[in-house]
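Enquirer: Got a structure for you, questions after.
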Amino acid sequence: MGNHFLDTKIEFLKGVGPKRAEMLRKELGISTYRQLLLHYPFRYIDKSQVFKIADINSEEIHIQLRGKVVELKTMGEKRGKRLVATLKDETGEIELVWFKGIKWLASSITIGKEYVVYGKPSAYNHRYNIAHPDIDLLDNALIANQVTLEAVYATTEILTRMSLNAKGIHKILKNLVLQLTNKIQETLPIYIIEELKLVDKERAMINVHAPENEYLLQKSRYRLKFEELFYLQLNMLRQKGIKKEVIKGAVFNRVGPNFNQFYSEKLPFDLTGAQKRVLKEIRDDVGYGDHMNRLLQGDVGSGKTIVALMSILIAIDNGYQACLMAPTEILANQHFEGITELIEGMGLNVQLLTGSVKTKKRREIHEQLENGELHILIGTHALIEDKVKFKNLGFVVIDEQHRFGVQQRSKLWRKGTLGANGKLIPPHILVMTATPIPRTLAMTFYGDLDVSVIDELPPGRKEIKTIHRFDSARIKIFAFIEEEIKKGRQVYVVYPLIQESEKLDYKDLMDGYESIERRFPKPNYQISIVHGQMKAADKEFEMQRFVKGETQIMVATTVIEVGVNIPNASVMVIESAERFGLSQLHQLRGRVGRGAEQSFCVLMTGNKLSADSKLRMKTMVRTNDGFELSEVDLKLRGPGDIQGTQQSGLLDLKIADLVRDAQIVQYARDMAIKVLKEDPNLELDKHHRLVSTLKQLFGSKINWSRIS
Ligand code: ADP
Ligand code: MG
């Protein structure tokens, strides 16, 4: 399906040429007409609406103003240096502020001339100003706009220097769009277009870059979003279907002595209904030779570990080895100790493999793995090293999976055993996460995984009480901590650590530690401290002191975030809480509330909070429900920042937005399912466009043998 026009090299487009073409390729990955067309605008300026300065009353929206620049001055020094222009219309004045590109702007803005300005107001000292607005001479703006909706494009600093700023990109795209008549082939089957009343592809493409009117723009965007999501779903569902048929997993057809002994003699509590249900889901997968690739979601403390362990025991009962991978040494250690204790006396060989295991011990582990003496290997990503070879790995558990990428999953996959026919039998894979993923994301990102959910906490847990306090209330919080310690409880105080400002954060942590030490002096109080700059052995030592109850307060950075289980800890103080994302706050909060006592989470913040931060604090105080939190999180941050999506390719979405377009995700998925139900191999005539488009989109990554 050659489409020569769209494959034309970008340098041949009017207004581009070889130099700019090279830069477009380097900066934005655009080298053909097709790729340029996929550089969709990220917003549109409505040039028909002009706001009056006196009417500005919110920080919510982008607005367009029209007025005279009456004053222009450069202020401040160094980092604070800025250009301030005063814009005046018949109703009032507003300041426009730029921190970047000052020199160029200062020389191109003329006092006394009329400008069109576009940007988002922000309130400062009870007055509004606009930082980094777009500004254009009124005359230019009028000439450029026979249409009222103008597309705005993303660009980069380097491109801007080659006069490919947002406007420049707009210009070259216009040159391309002008040539688009009978150049773009339809990519969806006619019957789908008719059923959903979609705009045709070419019309949609033209209108998205050069909208004729608002109505057509919306229809066009809808069409392109639908198409993008539809093909994503179609591809994924097809692969999933094919995998299910083709890939066989090890068969665990019996539940044997290990599982039974554990269940009747060792299990220290009754399983919750949700745990039982998930175990059954897993057994149904592994019992009949299907290959299992399952995501287990369950809020912190919901008891995922025991489900993993019991699945592992089934694997061992069927003659296979198992491994469990955790993202940090601390967590791997804790799993190792917990599991060793749980299965004590059952005669199973469990070992721990992390970066700090000594060479000699390591060799011993490698040997036992290969000769089959070792039943369960627990560790960090040290597990995926090539040197680690199993005799017959049948079951893999990956804990807190958002810390690992798809790559790690597939490396473990390849450590499976060889079947009689010489084919790889991959181990069954159970990935566990306490960061619940909203439905639209799960449908897309984890389309290749089956999902189980533990939606019930073990009995007797008390809801964690969460409060938000400003730094000024610290004295009261210290008093509260003292009371809790007097009752015999333990307390976490957590500081943010963000790589970019590591030094400053480290100082915050140390300052915090000192002030806590002053307020809670030895010998009455003992304090542990754990942070990323310590050696693993020291971390472990400090951690153990806290686990054993020798220290009452644990001051730490987020290394304690995942999985750590200390039931006696009942207070979690999170410093600079405004700097954490919701899912991280929720994870941290999950460190307490694991025992029978009432637990507390205290969110400490500065007095001045952004609207987003306020909403995050409010949401944390309002709910303990991880799914609810993740929905808010997704709305606030978009999927790009949700842990785990980075590797998923979801960020490659060109026009659809998994948050705002959740409904379209659903429609697209429904349609993809309908298509595949009717025509699993896409062999029908009416589906020929689907095959060619899938090939064009995902060509190299797909096994096409079953289709063409
Ligand atoms: P997470 O899902 O966060 O990994 P864990 O598996 O660490 O949670 O379990 C948290 C705590 O709850 C552990 O101390 C575990 O022993 C306990 N637990 C798990 N299941 C149950 C249950 N059914 N009844 C009581 N306690 C349970
Ligand atoms: Mg856990």
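Enquirer: Does residue 340 satisfy the condition of being surrounded by fewer than 21 Cβ atoms within 10 Å (Cβ to Cβ) and either in a strand (DSSP E or B) or within 12 Å of ligand 1 (Cβ to nearest atom) (or both)?
Expert: Judged against the criteria, residue 340 is not a match.
Enquirer: Here's something else I'd like to know. Please find, among 554, 572, the residue that is within 16 Å of ligand 1 (Cβ to nearest atom), under 29 Å from the mean Cα position of the chain (by Cα) and either over 22 Å from residue 506 (Cα atoms) or outside the structural domain of residue 400 (by TED's automatic domain parsing) (or both).
Expert: 572
Enquirer: OK, next. Could you list all residues from the range 438-454 that are at pLDDT 75 or above and away from ligand 2 (no atom under 16 Å from the Cβ)?
Expert: 450, 451
Enquirer: Would you check if there is a residue in the range 280-298 being within 16 Å of ligand 1 (Cβ to nearest atom), part of a strand (DSSP E or B), in the same structural domain as residue 430 (by TED's automatic domain parsing) and under 22 Å from residue 433 (Cβ atoms)?
Expert: no
Enquirer: Turning to a different aspect of this structure: Of 45, 53, which residue is in contact with an Asp or Glu (Cβ under 8 Å, 6 or more places away or on another chain) and either more than 24 Å from residue 110 (Cβ to Cβ) or at pLDDT below 85 (or both)?
Expert: The unique qualifying residue is 45.
Enquirer: Among the numbered conditions (1) part of a loop (DSSP other than H, G, I, E, B); (2) under 19 Å from residue 178 (Cα atoms), tell me where residue 34 comes up short.
Expert: All conditions are met except number (1).
Enquirer: Ok, one more. Hey, can you tell me all the residues within the range 417-431 that are within 16 Å of ligand 1 (Cβ to nearest atom) and at pLDDT below 90?
Expert: 431
Enquirer: Still on this structure, please answer the following. Looking at (1) more than 34 Å from the chain's Cα centre (by Cα); (2) away from ligand 1 (no atom under 16 Å from the Cβ); (3) touching a residue at least 60 places away in the same chain (Cβ under 8 Å), which is the only condition residue 181 fails?
Expert: Failing condition for residue 181: (3).
The values are calculated or read from the model by the stated rules, or taken from the named source; none is laboratory data. For clarity, every value in this text was computed on a predicted model and none was experimentally measured. With ideal geometry, Cβ positions are generated from the backbone for all residues, glycine too; neighbour counts draw on all protein chains shown.
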